[in-house]
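Heads up: the structure comes next, in C-alpha cells.
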Amino acid sequence: MELPRPSCLTETDDPSTQMHIDTQPSRRGTLTALLAPALLAWAPTISAQEPADPPAETQIFIKAERVIVQPGKELKDAQVLVQGGKVLAVGTDLVAPEGARVLEAKVVCAGFIDPWSTLGLDSASASLADTNILTRAVDALDPFGSAVHLQAALRAGITGYGVALGGKASVKGLGAFVCTTNRADGGLDVLLKDSFIGATVGSSGDAFDRIGYAERLVKDIKAGEEYRVDQVEYTHEITKWRTEIAESEAKLEKDFKKAKKSRDKEIKEAKEDDKKFKEESYKEDRQPRKPRFDAEKEAWARVAEGTLPLVVEAHRYVELSALLDGTKGFDRLRLVIAGGTEVLPLAATLVERSIPVIVWPTPLGSQRPAGMQAHDLSLAGALAEKDVRVLLGSGGTSGTRDLPLLAAIAVGHGLEPEKALAALTTEAARALDMGNILGKVRAGYRADLLLLDGDPISTTTSIRQVISAGKIAFNVEGGQ
Amino acid sequence: MNISSITRLTAALALTSAVAFGGDSHAIKVGKVITMAGEPIENGIVLIESGRITAVGPASEIQIPWDAEVFEAPNLVAFPGQVEACTSQGMDRANESIDVAPFLNVVDSVDPVNFFYEEMLRAGITTLNVQQGNSTVIAGRGMIVKPSGMTVAAMTVRPEAGIKIAITPNRGKSRAVQLMILREAFAGLRRTLEGLVQEANDGNDHARREALAQGRDFEAEDGKGRAMTGSGWIVEGLEAVPRASIDSKILPLLAIVEGRISVYMACSTPMDVLHGLEIAKENGFLAQTVLLLGPTCWKVSDEIKAAGVRGVILSSTLEHTERAPFAEEDTVTVLPTHFAEKGIPFALASQNSTTESLWFQAARCVALGVDREVALAAITSGPAEVIGLSSEVGTIEKGKHGNLVLLSGDPLSLQTQVRYVFIEGKLTYDRTTDTRLQHLMDGVQPEGTSADEPVVEDIHEEERTAGDK
C-alpha cells in the first residue's frame, strides 16, 4: 500500500533543507515537476477493483479540430498523444500508434483548476475554527465522504484544485493541491501536501477587527523572517566556533605531553608541601546556542522566504490596503489575494508587485460573508483590464463544480474569454506552483485534458470526455 | 453472628472473590468441551494445575490425578473464557482531558468493585483489555485484567499492555488539528532525544578538551544508556543518554516508537485508518498496532492487510449499507465476513455489558450469515490474538490459563446461561450464589434484606394526642 506521503514532501518537511532561500518564486515548481512521477495516489482502493495483473498501459490518441495548447496558442486539426499519465506529444501530423485508443473532439484544452476551494474536506474541518499554520488540509480530506461532490466537479471539468481548511480561524494552515480522479471512492491524487498557506482577515463587521487580523498576519510573517535570520546566524556562528575549537583542540593535543608533565610536577610539589592539588581551570569560548525550534515560526519563515504562497481572503478596501502596506517590505513573500471585492483601486500596486487576485464571480444569495453580497460581477474583467493577474475560484466553498459557470459569468461581464481560460488553467497552476506540470496541453505535462464540443468558457459547451492523469475519468457517452 | 449469616457473607463474596478449592490441581468434567482449537470433545475433562491447563481430552483418555479436586457437571458445556479486546469501562473515569497523556496509567483508575466487572464475569468474559476512551489524542497506558480480585494488583493479567491513540477527533476538534497534535507528539519526542544526545556529546567533547588542557588522561563515560531500537526512526547515539535521565513523561512515547507497547488506534472513517497507518509506519509501531474500526473502514481493508497491523476490533455495527452515488445501488457489507475473507485478525467488542455482550454479538454474526466457527473465534481466540495474548488465553488448550465458562447449552443460544466461571482454575462465579441476579431475575429477596417499608416511630404522637385533650 502506498501511504499518503509524497516523497517530495519529506524534503520540504525537513527543517535542515529549508535553510536555502528561494529567490525565484517558481523554483519549487521545477522541483515539483521533477518529482512528479513519485507522486502518489490517495485513498487507493483502486487496487481492490483492478484485476491482479493490470493490463499494459494503453495510449490515448486524440484527434481534434482545435487544440488549445495554452490560452492564446491554438493548433488547428491537431492531435494529442497521451501515455503513462502524461501528454507524450502534441502536433498536427501525428499518427495514431497501433493499439492506441482513438478519441475525437472539436476542442481540446487543459483541465480546469480551482485555486480556492474546500471541496472534499470532512464537514467538521470545513467549519471548525481551531486551525493554525501547522494544520494541513490533506489531513482533513475525506474522498470517501465527499465522493458525490468530487465526481460532480470532475464531470464539470475541474481536474485539479487548491484546498485549504475552512472555518473562521484567521490562519487555516497548509493548503494542498489535489487532482480529482475517477476512482469509485472519489479518490484524490495529492500533488502537493504543502502548496500554500491559507489565511483570512475575517468577516467581522468592525473594520478595526479586520485590520487587526491583517496586521497580525504581517507580524507573523515578520516573526518567521526573524526566526530564519536567527537560524542562518546560528549556522554561521556554530561553524566559526567549531573551526576555532578544532584548532585549539589540535593545539591542546600537541601540548598534551607538556601539560601532563607539568601536572605531574605540580601534584608532586603539592604533596611535598602537604597542600591539596588543584586542577588548572579550563576555559573556552562558549558554544553558540541553537535557536529554540518553533514549528509555527518555521512555517511562517517558509512564507516569508517565498517557498509557500500566502493566500489571504480579504474583501474591503481598508484591510486590503493595510495588508498590502504591511507586506511591502517582504520582497520574497508571494501574496495572493482571495476575494478582493474592493481591491480595484489598488490595482496598480497589485500589478507592480505581481500579486494575483482570486475572484469569486458569484451570483447573489450564495454563501458570501455578510456585507459582501453586492459583489460586482465585473470585478474580474475590470482587474484584467488593468493587467492584474486574475484567477477565478469557488470562494473557499465546496461549490467547485460551478467554477466553469462562474467563469462564463465573468466573461459575460467583461473578462476576455482568453483571460478567463488562463485564469482556470495556466494562471491558477502558476500561482500554486504547478505551472510546470499543469495548465497546458504540452508534451511532458500531466494529461489532465478536456474534450469539448465548443469553446471552453461557455455555458453552451458540453464536456464530452474528461481525462485525468491519462485515464478517461468521465465519458458523456458512458463507459470508460 | 449465627451460621446463616456466615453463609450469607460467603454468598455475597462469591461473586467477586475466588472460592479457593482445596488443592492446586483441578479436574473439570463436563458433557462437552468446545475448545476453539479443534473439534468439540464429548464427555470431556479439563485438567488444570497451578492455574494452567495441563490436559484436555475425552474422559476415556484422561487420567485424573489422585490429588485433583474434581468438578463434575455432566450436563454443562465448557467454553473458553471470552476475551474483551478493548473496553473503556470499569474505570472511575474513562476519558482523559489532556491531549497527549501517555505518562498516565489506567492502573490508577481501574476500580475493582465496579459493577462492570461483575457483569462481565456473569457474561462469561474472563479477560479484558482496559484502555482509556477516545476523547484524547494519545491516552494513558492501559492494562489487561481479569474480572476477579479485590485489588487492581490481583486483577492484573498484563500491566502496561497498550496505549490508546485516537485518530478520530473528539470534543470539537477538527481532524487536521487532531493529526497535527499527534504528529507533533512524535516529532517533539524526536527533537527532545536528539537534543539530549547532542547535549551529552557536547559535554563529553568539552570534558575531553578540559582534560587535554589540564594534562589528565581522559576516560569517556560509556555504556550508560541503551541504544535506540525500532523500525521507524532512530536517534543515533542515544546510548550516551541514560534512560533514567529522560523525562518519564515522554518515556512511554519512546516505548511506542521502539515497538515495546501495543497501540490501540481509534479510527471511525477510512481516511482515519489511512492517516493512522501512515503515522504508525513513520514511527515504527505498525506491527504493534490494533485498529478500532468504524463501520465504513472496511473500504480500506486492503491497505489494512498490506500494512500488517496485529488486528482490528469491530464496533457494535456488524453490517454496513451504502448507496452508490450515481449507480444508486445498495451495497451491503457484512463486516466480520469481510475481514475474515481478507485474512485480517479481528475481534468483536461488546459495547455495553448487557444488550450487546460478546456472545450476543457473535450470535448476531451468525444471524448475518457469518460462519459459526468464525463468529465464536471472534469472541475467544480472535481477540486473544489481537491483544497479543494468544499464547495465554482464548482457547481451551494445554499450557493456557485455566479460563473456562460452563454453559447450560450452546454458547450462541439465547436460552443458555453462564453457570460457572473458572479463572486460572479457580471457581470465580457460581450462578447459584449470584444473589444480585436472583433478585433481578427471580425476585428473590437476598437474605438479610427486607422489601418492607421501614417502620418509622411517631415520636410526637404523645404530644399531639395530649394537645387534642
* Asked: Using protein heavy atoms only (no ligands, DNA or RNA), what is the total accessible area buried between B and A, 1.4 Å probe, nearest 100 Å²?
  -> 3800 Å²
* Total charge dipole magnitude, segment A:52-151, about the Cα centre, Cβ charges on Lys, Arg, Asp, Glu only, Debye to nearest 20 -> 360 debye
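Loop-only trypsin sites (Lys or Arg not before Pro) in segment A:263-316, please: DSSP not H, G, I, E or B, and at most 11 other Cβ atoms within 10 Å. Mind showing how you got there, number by number?
On the way: sites: A:Arg263, A:Lys265, A:Lys268, A:Lys271, A:Lys275, A:Lys276, A:Lys278, A:Lys283, A:Arg286, A:Arg289, A:Arg292, A:Lys297, A:Arg302, A:Arg316; in loops: A:Lys275, A:Lys276, A:Lys278, A:Lys283, A:Arg286, A:Arg289, A:Arg292, A:Arg316.
Loop-located and lightly packed - A:Lys275, A:Lys276, A:Lys278, A:Lys283, A:Arg286, A:Arg289, A:Arg292.
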* What is the set of long-range amide H partners of B:Met228 at a cut-off below 5 Å, with H atoms built 1.01 Å from backbone N? -> B:Gly237, B:Leu238, B:Glu239
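Using only helices, what value at 222 nm comes out for chain B when you add -39,500 (n - 2.57) per DSSP H run of length 4 or more and divide by the total residues, to the nearest 500 deg cm²/dmol?
Working: 13 runs with 137 residues, N = 469.
So the helix-based figure for chain B works out to -8500 deg cm²/dmol.
Averaged over all directions, how much area does the convex hull of the C-alpha atoms of chain B cover when projected, in nm²? Numbers along the way, then the final one.
Values: hull surface 152.8 nm².
With the hull built on Cα positions only, its mean projection is 38.2 nm².
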* Write down, largest first, the equivalent ellipsoid semi-axes of segment A:325-476 in whole Å, where each equals the square root of 5 times an eigenvalue of the alpha-carbon gyration tensor. => 27, 20, 13
* Asked: Quick one: Karplus J couplings for segment A:236-247, per residue in order, coefficients 6.51, -1.76, 1.60, θ = phi - 60°, nearest Hz, x for Gly and Pro?
  -> 5, 4, 5, 5, 4, 4, 4, 4, 4, 5, 4, 4
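Applying 1/(1 + (r/R0)^6) with R0 = 45 Å to the Cβ-Cβ distance of B:Ala207 and B:Ala154, what FRET efficiency is obtained, to the nearest 0.05? Spell out each step's value before the answer.
Working: r = 50 Å, r/R0 = 1.10.
E(calc), rounded to 0.05, equals 0.35.
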* Distance from segment B:419-445 to segment B:154-184 (C-alpha centre basis), Å -> 36 Å
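Arranged from highest to lowest average of other beta-carbon atoms within 10 Å per residue, in what order do the peptides B:237-249, B:90-102 appear?
Details: B:237-249: 14.8, B:90-102: 17.8.
Descending packing order for the listed peptides: B:90-102, B:237-249.
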* Could you please state, rounded to a whole Å, how far the C-alpha centre of segment B:92-110 is from the C-alpha centre of segment A:58-132? => 53 Å
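First check a/c for segment B:361-427, with a ≥ b ≥ c the square roots of the eigenvalues of its C-alpha gyration tensor; if it is under 1.5, answer rounded, and if not, answer prolate when a/b is larger than b/c or oblate otherwise.
Working: a/c = 2.86, a/b = 1.23, b/c = 2.32.
Because a/c hits 1.5 or more and a/b fails to exceed b/c, segment B:361-427 counts as oblate.
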* Let me know the mean shielding of B:202-210 by other chains, meaning the per-residue number of their Cβ atoms within 10 Å of its Cβ. => 3
* To do: Report P(r) for segment B:118-262: all Cα-Cα distances, bin width 5 Å, range 0 to the bin holding the largest distance, values in whole percent.
  => 2, 8, 13, 14, 13, 12, 11, 9, 6, 4, 3, 2, 1, 0, 0, 0
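Which percentage, to the nearest 5, of the DSSP beta bridges contained in the protein assembly as shown is antiparallel? Numbers along the way, then the final one.
Numbers: 84 of 139 bridges.
Approximately 60 percent, going by the DSSP bridge assignments.
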* With respect to the cross-link table entries A:Lys63/A:Lys440; A:Lys168/B:Lys281; B:Lys305/B:Lys398; B:Lys146/B:Lys281, which display a Cα-Cα separation exceeding 25 Å? -> A:Lys168/B:Lys281; B:Lys305/B:Lys398; B:Lys146/B:Lys281
* Asked: Dipole size in debye (nearest 20) for chain B around its Cα centre, Lys and Arg Cβ +1, Asp and Glu Cβ -1?
  -> 980 debye
* When averaged across all projection directions, what area in nm² does the alpha-carbon convex hull of segment A:169-302 cover? -> 17.5 nm²
* Which Cα, out of B:Thr296, B:Pro252, B:Val312, lies furthest along the positive dipole direction of segment B:246-312 (beta carbon charges, K/R +1, D/E -1)? -> B:Val312
* Asked: Which whole-Hz ³J(HN,Hα) couplings does segment A:272-282 yield from phi under the Karplus relation 6.51 cos²θ - 1.76 cosθ + 1.60, θ = phi - 60°, glycine and proline marked x?
  -> 5, 7, 6, 10, 7, 6, 10, 5, 5, 7, 10
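Whole number please: convex hull volume per residue, Cα atoms of the protein assembly as shown, in Å³.
Numbers: hull volume 309.2 nm³, N = 949.
Roughly 326 Å³ of hull volume per residue.
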* How far is the Cα center of segment B:69-83 from the Cα center of segment A:425-480, in Å? -> 69 Å
* Per residue value of the accessible surface for the protein assembly as shown (all protein chains in place, 1.4 Å probe), Å² -> 44 Å²
* Size of electric dipole in the protein assembly as shown: Cβ of Lys, Arg +1 and of Asp, Glu -1, about Cα centre, debye, nearest 20 -> 2460 debye
* Residue-by-residue Karplus 3J(HN,Hα) for segment B:195-202, coefficients 6.51, -1.76, 1.60, Hz, glycine and proline x -> x, 5, 5, 4, 4, 5, 5, 4
* Asked: Cα-based Rg (one decimal) and Dmax (whole number) for segment B:183-335, in Å?
  -> 22.9, 85
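The values are calculated or read from the model by the stated rules, or taken from the named source; none is laboratory data. Remember, predicted model here, so these are calculated numbers, not experimental data. Don't worry about glycine lacking a Cβ; one is built from the backbone with ideal geometry, like all the others, and counts go over all protein chains shown. Only protein heavy atoms, including side chains, enter the accessible area calculation; ligands, DNA and RNA are left aside. Shrake-Rupley method; radii C 1.70, N 1.55, O 1.52, S 1.80 Å.
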